[in-house]
Amino acid sequence: MKKRTWDDSPMMRAARCQVTESVPVWLMRQAGRYMPEYREIRERVSFIELCKTPELAAEVMLTAVQRLGVDAAIIFSDILLILEPMGLELEFEPDGGPRIGNPIRNSSDVNLLRELESVEDLEFVMNTIRYTREGLDDSLPLIGFAGAPFTLAAYAIEGNSSRNFRLVKAFMHVCPNEWQEMMRKFALSTARYLNSQINAGVQLVQIFDSWVGCLSDEDYKKYVKPYSRMLIDLIIPGTPIIHFGPGNPILLPDIRDAGGHVIGIDWRIAIDQAWNIVGADYAVQGNLDPAILLTNREIIRQSVQHILRQVGRRPGFIFNLGHGIMPQTPVENAITLVDAVHEFGVVR
Ligand code: 1CP
């Protein structure tokens, strides 16, 4: 069978640490509230309904990809949707924040947490993948994603977005056996979910450990790393894995050792310094501060050049933000960023 052209795209090549003609760029949360087209759709449907309507979810992402001119699409979905078929009641409040109706607080809650045996209840995600892949240019890869066990546990225990993570940390230390059982369920369920996404047609997967930066290195090693590794080890070989755990650069060597081919880097550490820490055998993705997109064309272009200069010509770089794009971002500024990476990131 003839290889699809996405297989030779800058994004896929960079993920495999191969030389590229240009630096690939995509943005975390590239489809979202900062886009007028998205806000218009959200006036008609709730966020969860949007995720569960594959034609619409695909349209939202395809519109963003076209508007920005990025080098990859990510499925329009959410890391929290897996919690529903595992037995947790998920809602999004009118202000956008998530809420779990029956958070995990004790050992009987952990027993009630259902390991995902089949992805039947998440079939809408697989359909979003099919529709997005169908509408996407053959030259662009599609990224699937899921939350890492710790970040899922943080929402499952806290019950909402937390600032200090006191409940999840207390649970981890006070109930280590229940913690292990819960993390095992999240790791195995997420592996099944990501493998189904791969079978449905995504070319890479990204694992979001969005809140892991709240932990010390010691606690990461003891309570989190074994389960991130369990998950990553179960993913179908041959699919590049992007492992993103922002917030605490001290964790980078352990995040790398937990697994993945591309390590996501936030803006708290310089990209060249981060790459030296993770090592040249790994690709890296990052790391512009999303706040820069609230400034102006000149500052955005200079910031892009600065990062590209730090990276130099090392193969295996994927340009992205250090975390998700902010809702206040003017769309023109996001386009300016993508254009600047394409202008200055041509490898001559
Ligand atoms: O319309 C709205 O109000 C919903 C806003 C929104 C969007 C656009 C949420 C609610 N989720 C998403 C989509 C989404 N979420 C995507 C796909 C779209 C894209 O990238 O363009 C992805 C990859 C996510 C992943 C996600 N959801 C993460 C990991 C990424 C990160 O930013 O660290 C997390 C933590 C979530 C949880 C979540 N989803 C939505 C909210 C408001 C939150 C809570 C964030 C918090 O706790 O502060």
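Rg (Å, one decimal) plus Dmax (Å, integer) for the alpha carbons of segment 189-255?
12.6, 37
I'd like to know how segment 1-148 sits against the 2.2 N^0.38 Å rule of thumb: what's its Cα Rg over that expected value?
Details: Rg = 17.5 Å, N = 148, 2.2 N^0.38 = 14.7 Å.
Compared with the compact-globule rule of thumb, segment 1-148 sits at 1.19.
At 37 °C and a viscosity of 0.692 mPa s, what translational diffusion coefficient does Stokes-Einstein give for segment 141-279, taking Rh as the Kirkwood radius over Cα pairs? Give it in µm²/s as a whole number. Write down the numbers at each step before the final one.
Values: Rh = 15.2 Å.
This corresponds to a translational diffusion coefficient of 216 µm²/s.
Which net charge results when you count Lys and Arg as +1 and Asp and Glu as -1 among the other residues whose beta-carbon is under 10 Å from that of Ile104? Present the calculation step by step, with values, prior to reporting the outcome.
Values: positive: Arg105; negative: Asp109, Glu158, Glu178.
For residues surrounding Ile104, the net value is -2.
If eta is 1.567 mPa s and T is 4 °C, what Stokes-Einstein diffusion coefficient results for segment 63-116, Kirkwood Rh from Cα pairs, in µm²/s? Could the numbers behind the result be given before it?
Values: Rh = 13.7 Å.
So the translational diffusion coefficient is about 95 µm²/s.
Pairs of Cα atoms under 8 Å, at least six residues apart: use those to get the relative contact order of segment 139-231, whole percent.
Values: 97 pairs, mean separation 46.8, N = 93.
Averaging sequence separation for qualifying contacts and normalising by length gives 50 percent for segment 139-231.
If you take the Cα atoms of segment 127-187, find Rg, then find the Kirkwood Rh from the mean of 1/r over all pairs, what is Rg/Rh? Write out the running numbers ahead of the final one.
Values: Rg = 17.1 Å, Rh = 14.0 Å.
When Rh is taken as the Kirkwood radius, the ratio is 1.23.
How big is the chain by the Kirkwood estimate over distinct Cα pairs, in Å? Let's see the in-between values first.
Details: mean 1/r = 0.0492 Å⁻¹.
With all distinct Cα pairs of the chain included, I get 20.3 Å.
Considering only the other residues whose Cβ falls under 11 Å of the Cβ of Leu113, what net charge follows from Lys and Arg at +1 and Asp and Glu at -1? Numbers along the way, then the final one.
Working: positive: Arg114, Arg184, Lys185; negative: Asp109, Glu115, Glu178, Glu181.
Combined, the nearby Lys, Arg, Asp and Glu give -1.
Given 20 °C and 1.002 mPa s, compute D for segment 228-270 with the Stokes-Einstein relation, Rh being the Kirkwood radius over Cα pairs; round to the nearest whole µm²/s. Intermediate values should be presented prior to the final figure.
Numbers: Rh = 10.9 Å.
It comes out at roughly 197 µm²/s.
Please give the length that would be gained between Asn164 and Ala270 if that part of the chain were fully extended, namely 0.36 nm times their separation in residues minus their C-alpha to C-alpha distance (nm, one decimal). If you can, show how the numbers build up before the last one.
Details: separation 106, 0.36 × 106 = 38.16 nm, distance 2.56 nm.
That pair, Asn164 and Ala270, stretches by 35.6 nm at full extension.
Any chance you could give the angle, 0 to 90 degrees and rounded to 10, that helix 123-135 forms with the longest Cα principal axis of the chain?
10
Return the inverse of the average 1/r over all pairs of distinct C-alpha atoms in segment 211-321, which is the Kirkwood hydrodynamic radius, in Å to one decimal. Walk me through the intermediate numbers first.
Numbers: mean 1/r = 0.0679 Å⁻¹.
Final number for the Kirkwood radius of segment 211-321 is 14.7 Å.
In whole percent, and with a 1.4 Å probe on the protein chains, what portion of the accessible area of the chain is carbon and sulfur? Can you show the working numbers first?
On the way: 7100 of 14770 Å².
The nonpolar share, carbon plus sulfur, comes to 48 percent.
Expressed as an acute angle from 0 to 90° and rounded to the nearest 10, what is the orientation of the C-alpha long axis of helix 331-344 relative to the principal long axis of the chain?
60
Over the chain, what relative contact order in percent results from Cα pairs under 8 Å that are six or more residues apart? Intermediate results must be reported in sequence, preceding the final value.
Numbers: 660 pairs, mean separation 76.6, N = 348.
Computed value for the chain: 22 percent relative contact order.
Probe of 1.4 angstrom, ligands and nucleic acids ignored: what's the accessible area per residue over segment 30-79, in square angstrom? It would help to have the intermediate numbers written out before the result.
Working: 2080 Å² over 50 residues.
Accessible area per residue, segment 30-79: 42 Å².
Under 15 Å from the Cβ of Ile299, count the other residues' Cβ atoms, weight Lys and Arg +1, Asp and Glu -1, and hand me the total.
Neighbour charge sum, excluding Ile299 itself: -2.
Angle, helix 297-311 long axis vs. longest principal axis of the chain, Cα atoms, 0 to 90°, nearest 10?
Approximately 80 degrees, to the nearest 10.
Let me know the charge dipole size of the chain about its Cα centre in debye, to the nearest 20, where only the beta-carbon of Lys, Arg (+1) and Asp, Glu (-1) is charged. Display every interim value, and only then the final one.
On the way: 35 positive and 43 negative charges, 161 e Å.
About 780 debye.
Measure up Lys52/Lys169; Lys185/Lys222; Lys52/Lys221; Lys52/Lys185 against 26 Å on the Cα-Cα distance and list the ones that go over.
Lys52/Lys169; Lys52/Lys221
By DSSP, what percent of the beta bridges with both residues in the chain are antiparallel, rounded to the nearest 5?
Working: 5 of 28 bridges.
So the antiparallel bridges amount to about 20 percent of the total.
The values are calculated or read from the model by the stated rules, or taken from the named source; none is laboratory data. Computed from a predicted structure; not experimentally measured. Using ideal geometry, Cβ is built from the backbone for each residue, glycine included, and neighbour counts are taken over all protein chains shown. The accessibility values were calculated without ligands, DNA or RNA, using every heavy atom of the protein model including side chains. Shrake-Rupley method; radii C 1.70, N 1.55, O 1.52, S 1.80 Å.
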